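Step one of this worksheet: look at the structure below.
The values are calculated or read from the model by the stated rules, or taken from the named source; none is laboratory data. From a predicted model like this one, the values you see are computed outputs, not experimental measurements. Neighbour counts are summed over all protein chains in view; Cβ atoms, including those assigned to glycine, are modelled from backbone coordinates with ideal geometry.
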Amino acid sequence: MSPRYSRQTQLKGFGAEGQQKLANSKVLVVGLGGLGLPVLQYLNAMGVGTLGLMDQDIVELHNLQRQTLYAEQDIGRQKLEVAHEKLATQNSTTIFKLYDSFLTKENAIEIISQYDLVVDATDNFPTRYLINDACVQLEKPFVYGALHGFEGHVSVFNYQNGPTYRCLYPNMPSSEEIPNCDENGVLGVIPGIIGTFQALEAVKVLTGIGEVLSGKLLLFDGLGQRSTQINFKLNPKNLMINKLQNSYDFQDCGLAPTITAEAFQSLMESKQDFLLLDVRTREEFERQHLPIAVNVPLRELEHYNIDKDETTYLICETGMRSETAARMLQEKYPNKQFVNVLGGMKKMMTLCP
């Protein structure tokens, strides 16, 4: 065994056997941005034998704040070309397969079938649902990561017939329900943290070490330097996918509608009857909260019963956890209405400090 990996092979519980499993593994990383780059850099450095790189974007100036593999002289070049060039100098023994394309309904099955694991490093819902459905059909696990402002999510779907992405988010939201990244942004270091978490989950899946985040959603709060996990269950019907949908464009499914902070402020002033659930932690709630809010931390939400018919609004720090909460409750109570407050407490406090 090469001394290159001695710091790993000397680990009890990993050893030469774990290293050989990495060497024999094939991982497809979809997206070469803020999440995909740290995933690739670590999997490449640690000795994963074959890495598939997929993207069709070019390097732009605004990428450099978080996509740290790229440099100023790379602006205007294809991400695929630059990433391959630099990763190849990092580890000359890795086999790279390059896909100058986005993942589509037409190429997903053919490409994903060649890999043991898919890492979803994308930033859009249609591709996530496509990855999920292709992985379910092919019985391949995939590692999920998502970003929003100062927060991030990580999970592993379809691992050993475990819960899928559709078990957590049954239906694709409409385009109007998607937060605008240009307005909300992301702190540069957060993708690196979440991408590194994804790389760790990939290594655990490939080698069999540790406890995989299957049936668990990890939520990381960068401002509070806190992480928490919520559990979700398998819906067996989500394992029955045997073909891809005709289209993976945005759908108007009516789930988890949103309201702007400004509109919600007006709603509070109108004195209408509604329930507001604050799904942040107890500590966050105690520091600052809206007077009408009821605190039910996200990890406790599955045990909370809603017996009233009025609309329920969900709020967290930035709107990411509350989006998850709204979808969870909509699945549990299909005949009730749940609305996510966009921008969360951070935005509300700019309106009513």
Going through region 71-86 one residue at a time, which ones are crowded, with 17+ Cβ neighbours inside 10 Å, assigned to a helix (DSSP H, G or I) and not charged (D, E, K, R)?
Leu80, Val82, Ala83, His84
Extreme residue, farthest from Val154 (Cα to Cα), among residues of region 100-127 that are in contact with a strand residue (DSSP E or B) (Cβ under 6 Å, 6 or more places away or on another chain) and modelled with pLDDT under 95
Leu103
Any idea which residue in region 190-223 is nearest to Ser155 (Cα to Cα), counting only those that are among the hydroxyl-bearing types (Ser, Thr, Tyr) and assigned to a helix (DSSP H, G or I)?
Thr196
Got at least one residue in region 87-97 being over 19 Å from the mean Cα position of the chain (by Cα), more than 15 Å from Val119 (Cβ to Cβ), in a helix (DSSP H, G or I) and among the hydroxyl-bearing types (Ser, Thr, Tyr)?
yes
Note on Lys308: of the conditions (1) more than 16 Å from Tyr169 (Cα to Cα); (2) surrounded by 12 or more Cβ atoms within 10 Å (Cβ to Cβ); (3) in contact with a strand residue (DSSP E or B) (Cβ under 8 Å, 6 or more places away or on another chain), unmet is (2)
May I ask you to list pairs of residues, at least six apart or on different chains, whose Cβ atoms are under 7 Å apart, with the first in region 15-29 being within 14 Å of Val205 (Cβ to Cβ) and assigned by TED's automatic domain parsing to the domain that holds Ile131 and the second being polar (S, T, N, Q) and assigned to a loop (DSSP other than H, G, I, E, B)?
Lys26/Gln114
Quick check on Gln19: is it among the polar types (S, T, N, Q), outside any loop (DSSP other than H, G, I, E, B), more than 20 Å from the chain's Cα centre (by Cα) and crowded, with 19+ Cβ neighbours inside 10 Å?
yes
For residues that are in a helix (DSSP H, G or I) and at pLDDT below 95, scanning just region 46-63, find the one that is surrounded by the most Cβ atoms within 10 Å (Cβ to Cβ).
Asn63
